[in-house]
Amino acid sequence: MGGIVLITIIAVAIFITVIALLSRYKRCPSDKILVIYGKTGKSREGVARSARCIHGGAAFVCPIIQSYEFLDLTPMSIEVNLTNALSKQHIRVDVPSRFTVGISVEEGIMTNAAERLLGLKTSQIQDLAKDIIFGQLRLVIATMDIEEINSDRDKFLANVTSNVEAELKKIGLKLINVNITDINDESGYIEALGKEAAAKAINDAKKSVAEKNRDGAIGEAEAKREERIRVSEANSKAVEGENIAKITVANSEAERRLKQAEAERKAVAAEKVQAAKALEEAYAAEMESEKARAERERATKYADVVVHAEIEKQRVEIEAEAEAEKIRRHAKGEADAILAKMEAEAKGAMEILSKQAEGFEKLVKAAGNNSKDAVMLMIADKLPEIAKIQAEAIKNIKFDKITVWDTMGGKGDGTSSTANFLSGMMKTIPPMEDVFKMTGMELPNYFKGKVDNNEKEEYNEVKVASVVEDDVKDNK
C-alpha cells in the first residue's frame, strides 16, 4: 500500500514539473514583442545582453534565472500642437500636427525598446515621444524659411521625418506617419502671402480676359481684311486663269507640232543608228575572230618556245645543283683531310716538344739541377756545329788567287804585312764570342783564353760531362 502511494506522489510531482516546464514555453503574437530578461547570455560581439527580443516566434523561458514581458506594437497617435516656433526669418509660427508612432521590430531597435520602454504605460510612452517630436520639430522650423514651410510641404515633411525618426529609434520607436494640418504665424505673414497670391491670381485673370478681348477684336478686323484680299485675289486669278488657258492652248498646239517633227526626226535617226550598229557589230565580230586566231597562234608559239626554254632552264638548274653538291662534298673531304693532317702535325709537334722537355729536364738533373751548367752542356754539345758553320763561311774563298806583296814592313810591333792581312781577314768573320752575345749568352773565360784554376776545374767537369753525354748517345 505504501509503495503505491509513493509511486502516485512521484507521478504527480513529475506531471506538475512537466506542466510547469511547458507553461514556461512562451509564444509571441504577431502584434507583440516577447522580451526575455535575466540571464540571457552574450551577443555575437561577446557582450552580455540585457534582454532577448522575439517577434513572431516562441522561446523557452528558464525558470528562476529568466522572466518575460510583452511590448505592444499597436500604433500610437500623438497630437503635437507646436506654437510660437521661431523660423529662420525670426518669425514665430504655429504648426498643428499629428504623428503616428509605434514600437519598431528592427533588430537592435527592439533591444532599445526593451531597455527604455518595458514596463511603461501607453500614455507614458506617448509623453516621451511627444517631447522628442516637439524638440525636433522646432529644430527643423528653425532651419527653414516661411516660404519653404508653407509652399514646399514635401521638403518640410522630409526634414521632419528624417530628424524625428532618428531620435525615436534611440528609444525603440518608429515613425509611421506625419500629418500637418495648417501653419499660422502671429504676424500674419503667411496670411499676407496668401492674399498676395490671391491678388496676383485675380490680376492674372483680368489680364487674361483683356488679352482675349483684344485678340477677338484684332481677329475680327483681320478676318474682314483677309476676306477683301481673297476676293480680289480670286478675281485677278480668274482673269489670269483665262489668259493662261489661252496661252496653254497655243503652247499645246506648238508642242504637238514640235513633238511630231521630233518624232519623225528620231525615226529617221533611229533607222540610221540601227544600220550603223549592225555594221559595227559585224566589224566587232570579225575583230573578235581575228583576236581569237592571234591568241591561238601566240599560245602555240609560247608552247613551242617558252615551255621548251623553261624545261631546259630546269634541267640546267638541276645539273648545276648536282655539280655544286659534288663540289661541296669534295671540298668537305679535302677540309676533313687537311684537318686530320693538321691534327697529326700538332700531335707530332706536341710529342717532340714533350720529349725535348723531358730531355732538358734530364740534362738539368745531370748538371746537378744547375740550369747554367745545363746550358753549358748544351753549348758544348753544339760547338762542333758552330765551328762547322764558321768554317762554311770561308771555305769558298780561293786563296790561290790572292797575291800578297809583303814589304816586311809592319806596324812596328814585329809583325809582317802578310800576318796583318790574314789577321784582318779573319776579323771579318763573326767571332764565336759575338755569335754567342747575339743570342743573349756569354762564352766562359776558357773559350776566350782566360782561364783561372777554378774555371779549369769547371772546364774539366764540362768536358767530362760532354764525354759522358757522347757515350750515352753512342750507346743509344
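The values are calculated or read from the model by the stated rules, or taken from the named source; none is laboratory data. Since we're looking at a predicted model, the values are computed, not measured. Here the Cβ is made from the backbone with ideal geometry for all residues, glycine too, and neighbour counts use every protein chain on show.
Screening the range 113-188 for helices (runs of 4 or more DSSP H) wholly inside it with 1 or more residues that are over 60 Å from the mean Cα position of the chain (by Cα) and not basic (Lys, Arg) returns the ranges 122-142.
Looking at THR74, THR8, THR40, just one residue is outside any loop (DSSP other than H, G, I, E, B) and of a type in the set (S, T, N, Q), and that residue is THR8. Among the residues making up the range 129-187, those that are of a type in the set (Ser, Thr, Tyr) and surrounded by fewer than 16 Cβ atoms within 10 Å (Cβ to Cβ) are THR143, SER151, SER162, THR181, SER187. Screening ASP152, ASP72 for residues that are free of Cβ contacts under 8 Å to residues at least 12 places away in the same chain and either not basic (Lys, Arg) or not assigned by TED's automatic domain parsing to the domain that holds ASN179 (or both) leaves exactly one candidate, ASP152. In this structure, ALA285 does satisfy being more than 58 Å from the chain's Cα centre (by Cα), more than 30 Å from ASP381 (Cα to Cα), in a helix (DSSP H, G or I) and among the small types (Gly, Ala, Ser). When ILE327, ILE352 are checked against the criterion of being in a helix (DSSP H, G or I), over 30 Å from ASP373 (Cα atoms) and out of contact with any Gly (no Cβ under 8 Å at 6 or more places or on another chain), ILE327 stands alone in meeting it.
Okay, residues lined up against (1) assigned by TED's automatic domain parsing to the domain that holds LYS169; (2) under 30 Å from ILE146 (Cβ atoms); (3) at pLDDT 85 or above:
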residue	(1), (2), (3)
GLY41	no, no, no
SER50	no, no, no
SER77	yes, yes, yes
LEU86	yes, yes, no
PRO96	yes, yes, yes
VAL105	yes, no, yes
GLN124	yes, no, yes
